[in-house]
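The structure appears below as structure tokens.
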Amino acid sequence: MASNYRARRLVDTTMRGLMLACTTVAIIPLFSILVFVGLKGLPVISLDFFFNLPKPVGEAGGGMGNAILGTLILVFLATAISAPIGLLAGIYLAEYGRGSLPASLIRFSADVMSGVPSIVVGVMVFSLVVLPFKQFSAWAGALALAILMIPTITRTTEEVLLMVPDTLREAALALGMPRWRAILDVAVRGAAPGIVTGIVLAMARAAGETAPLIFTAFGSRFWPESLNQNIAVLPLQIFSYAISPYEDWHNQAWAGAVVLIGLVLISSLVARIYVARR
């Protein structure tokens, strides 16, 4: 018995050590990126960077205020388009489509869409929206991002709804609630923290996309005036500055990367805090 106990303790200690080592290996690249980008970009960030437009080619200074505002606008529009669709699809899969063929097809389609390269989505929206109207626009960029967000929101909503015990639904139905009311007031409300987390994760992915926006939003060097015109966004601005031959633009690209990572981290932290309080 004693030898078996020592063997089990040895196996337990070994596996704990391996898990800790793997966790450390997974975390090191993340912190390396954060530290490296922070060291490059933080010295460049100032109030002018947040509130000024880019300077003309070859002229030092300026900022990315238009790109920061454009990113917030596009992510908001994309979320407004994708969140209702993803939520309704996830509710259908979890509450009405268990084991049915249509639900299986929707679930398979969502999984496939999750793996589609973002540039393919950009080319598709370019062909269906930009070419017919002969105009790059914020709407086209938001639509491309929304298509990328829908699978994440759908699958996350389905999974967190399935975690809500069926006994809660049955209790609501036993009290005389209609099924739709039981789903909304019991299942969806109980799964709300997980649903919010899924939406925030989808927003974080959309905020960092570059390829689809090249074909849809296209970018701009001015403040956004209309959603029917091309619009500046941080990923495009960072890409444009990073491949330029000007050192000042390289520095601003690092600063833009810091701001973009900061937006993603802040949104993720807000979601985590909300989930923890619930």
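The values are calculated or read from the model by the stated rules, or taken from the named source; none is laboratory data. Just so it is clear, the model here is predicted, and its values are computed rather than measured. Neighbour counts are summed over all protein chains in view; Cβ atoms, including those assigned to glycine, are modelled from backbone coordinates with ideal geometry. Ligands, DNA and RNA are excluded from the accessible area calculation, which covers all protein heavy atoms including side chains. Shrake-Rupley method; radii C 1.70, N 1.55, O 1.52, S 1.80 Å.
Some observations on this one:
- Residue in the stretch 1-13 that is open to solvent by 50 Å² or more (accessible area, probe 1.4 Å) and at pLDDT 90 or above present: no
- Residue within the stretch 167-176 that is of a type in the set (V, I, T) and either touching a residue at least 12 places away in the same chain (Cβ under 8 Å) or in contact with a Phe, Trp or Tyr (Cβ under 6 Å, 6 or more places away or on another chain) (or both) present: no
- Conditions (1) under 16 Å from W249 (Cα atoms); (2) out of contact with any Gly (no Cβ under 9 Å at 6 or more places or on another chain); (3) open to solvent by less than 60 Å² (accessible area, probe 1.4 Å): number failed by G17: (1)
- Residue in the stretch 17-32 that is part of a helix (DSSP H, G or I), hydrophobic (A, V, I, L, M, F, W, C) and under 30 Å from S226 (Cβ atoms) present: no
- Test: residue in the stretch 89-112 that is small (G, A, S) and closer than 22 Å to T210 by Cα: yes
- Test set (1) closer than 28 Å to R155 by Cβ; (2) surrounded by 15 or more Cβ atoms within 10 Å (Cβ to Cβ); (3) among the aromatic types (F, W, Y) - F49 fails condition number: (1)
- Among the residues examined, G122 does not qualify as of a type in the set (G, A, S) and closer than 23 Å to S104 by Cα.
- Flag if I119 is at pLDDT 90 or above and over 14 Å from P212 (Cα atoms): no
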